[in-house]
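A short write-up of the structure that comes next.
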Amino acid sequence: MTYEETINYLYTRLPLYQKEGTKAYKPGLQNIEALDSLCNHPHKKFATIHVAGSNGKGSVSHTIAAILQSAGYKTGLYTSPHLTDFRERIRVNGNKISEDYVVDFTEKYRNEAEKISPSFFEWVTELAFSYFADQQVDIAVIETGLGGRLDSTNIISPILSIITNISLEHTYLLGDTYSAIATEKAGIIKPNTPVVIGEWDDRYANVFIEKSMECYSKIAFAEKNIHLNSYKYLDEGKLKLEFDNYNELIFGLGGIYQLKNAATILQSVEYIKESGYSISDANIRNGFANVTTLTGLRGRWEILRTAPKVICDTGHNVGGITYTAKQIAEQSSGTLHIVFGMVNDKDTEGVVSLLPKDAKYYFTQPSGQRAMCVETFEAIASKYNLKGEIFKTVAEAYTKALNNATPNDTIYVGGSTFIVADLLQFIEKQ
């Protein structure tokens, strides 16, 4: 098969949650364990760090990987979903997995794997493990897909578990309370393995404390241990942070929600160092400052142009949009144009209620079967006095916003990872 034929096979033959939703979700570890056995247990051949959470796990995963790379470790990074290229999901020292490896792995195992009937995510998880083993990485940062306890990545035995925070999302799969969702995320806590929790929240903190005690695992809440003294926006879409132990720490990710992620990362690095890894302050500063270039991370308060200013962000739930809405209000200039759409399994009304009223809206929908129909979304938005036009594609909505905007205006594009993906794909084609 060619690479294009291989990718088409993966998308069409294996159920993909990002496109199909719940019918592609296969809870449990039986399939991944069978795949892992078929591939001779590659995940046992390198050290890992496991990252879960409702918001921020992508930024945390990429930045920790960037810090480890800066310290000289050959570092694997597994994240999802991708924005413009399937190979973004699997990287070693920032470099995407090769097309040839994707093809060879698929040809080698597809016939036997079809008897297991894996999901897309299960297959790609095993592909990542095999690639990291063959690349002989020193360590790999592994991001969960959905939840934790029954997530395909949860066959690993990491040196550190990280849970960024909890929001009410995927409630039909993970539970409809904070404690229920926290219980699922806490499933990545392993015996005698330290765990970092990003945020303290009385609604679910005890879930993590009790699980860590059950596992005899050291636990730290980053928000209580790592103290942020001040922050400042920088013009180039970065943040300057002042922590007790880190003055003038430049973060290459400019979203205000990164303040809590930064504390989570710093707490995690302390535990990684306790595991025997040599990481200097210079390595930490370099990883923070250059995370996007070192790992290829995109779509986190990313400034795409300056006149008009165009910002895209993958925030997609109440937890993420709470911070994003505040930052839009603080940093927008001129008329604010918002290109926005969502998928159909989020708290749409909760998100819409947070959006600014004094903006011109370009309602749209992402590609894929999980997209919320733009007419449905516009009807919900109108209940909250958000007014705008309807567009069937992100490309059409963005083009209209760009044509309407003056050089002093601000255009914000978001609401879903898949809205941002459609935008970046459109811009790349241009």
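Restricting things to Cα coordinates, could you compute the convex hull volume per residue of region 3-295 in Å³?
124
Place a point 7 Å from the Cα of Ile303 along the Cα-to-Cβ direction; which residues of region 313-351 have their backbone N under 12 Å from it?
331-333
If you take the charge dipole of the chain about its Cα centre, with +1 on Lys and Arg Cβ and -1 on Asp and Glu Cβ, which of Gly252, Ser117, Leu150 is farthest toward its positive end?
It is Gly252, whose Cα lies furthest towards the positive end.
Please list, or write none, the lysines whose alpha carbon is within less than 20 Å of the alpha carbon of Lys115, excluding same-chain residues fewer than 8 places away.
Reachable lysines: Lys23, Lys26.
When the chain is fully extended, how far beyond the present Cα-Cα distance does Glu330 get from Glu389, taking 0.36 nm per residue of separation?
Length gained between Glu330 and Glu389: 18.8 nm.
Test of understanding: ordering Met372, Met213, Met1 by Cβ neighbours within 10 Å, fewest first, what list do you get?
Going from least to most buried by this count: Met213, Met1, Met372.
For region 183-189, take each phi angle, set θ = phi - 60°, evaluate the Karplus expression 6.51 cos²θ - 1.76 cosθ + 1.60, and give the result in whole Hz per residue in order, putting x for glycine and proline.
My calculation for region 183-189 gives 4, 5, 5, 5, x, 8, 6 Hz in order.
Starting from the amide H of Ile163, placed 1.01 Å from N in the peptide plane, find each other amide H under 5 Å away whose residue is 5 or more places distant or on another chain.
Ala52, Val196, Ile197, Gly198
Considering amide H positions built from the backbone, and no H for Pro or chain starts, which residues 5 or more places from Met372, or on another chain, come under 5 Å of its amide H?
It is Met342, Val343, Asn344, by chain and number.
State to the nearest 20 debye the size of the charge dipole of region 111-221 about its Cα centre, where the only charges are +1 on K and R beta carbons and -1 on D and E beta carbons.
320
Under a 5 Å amide H to amide H cut-off, with H placed in plane at 1.01 Å, what residues pair with Ile338 once short-range neighbours are removed?
The list, which skips near neighbours in sequence, is Lys360, Tyr361, Tyr362, Tyr412.
Once each part is reduced to its C-alpha centroid, what is the distance from region 291-359 to region 62-89 in angstrom?
Result: 23 Å between the Cα centres.
Please give the charge dipole size of the chain, origin at the Cα centre, charges +1 on K and R Cβ atoms and -1 on D and E Cβ atoms. Round to the nearest 20 debye.
260
Under a straight-distance cross-link criterion of Cα-Cα below 22 Å, which lysines are reachable from Lys232, leaving out those fewer than 8 residues away in the same chain?
Of all the lysines, those that pass the test against Lys232 - Cα under 22 Å, at least 8 places apart if same chain - are Lys224, Lys240, Lys260, Lys309, Lys326.
If each residue's Cβ is checked for other Cβ atoms within 10 Å, how do Arg300, Arg305 rank with the fewest at the top?
Listing Arg300, Arg305 from fewest to most nearby Cβ atoms yields Arg305, Arg300.
Explain nothing, just compute: Karplus ³J(HN,Hα) = 6.51 cos²θ - 1.76 cosθ + 1.60, θ = phi - 60°, for every residue of region 295-301 in order, whole Hz, x for Gly and Pro.
Calculated HN-Hα couplings, in order: 10, x, 5, 9, x, 10, 6 Hz.
Using only DSSP helix segments of four residues or longer, with each worth -39500 (n - 2.57), what per-residue ellipticity at 222 nm results for the chain after dividing by its residue count and rounding to 500?
-12500 deg cm²/dmol
Identify which of His50, His337, His41 has the largest mean-square fluctuation in a Gaussian network model of the chain, with springs joining Cα atoms closer than 10 Å.
Of His50, His337, His41, the most mobile in the Gaussian network model is His41.
What list of ³J(HN,Hα) couplings, whole Hz, do you get for region 379-392 from phi and the Karplus terms 6.51, -1.76, 1.60, once you set θ to phi - 60° and write x for glycine and proline?
Karplus-based 3J(HN,Hα) across region 379-392 equals 5, 5, 4, 5, 5, 9, 6, 9, 10, x, 9, 9, 9, 6 Hz.
Determine the principal axes of the Cα atoms in region 302-429, then give the extent along each, sorted from largest to smallest and rounded to whole angstroms.
34, 31, 24
Hey, fewest Cβ within 10 Å first, where do Arg91, Arg203, Arg370 land in order?
Result, fewest neighbours first: Arg203, Arg370, Arg91.
Here, each number is a calculation from the coordinates, and none is a lab measurement. Bear in mind that the values here come from a model prediction, so they are computed numbers and not experimental data. Note that each Cβ is placed from the backbone with ideal geometry, even for glycine, and that neighbours are counted across all protein chains shown.
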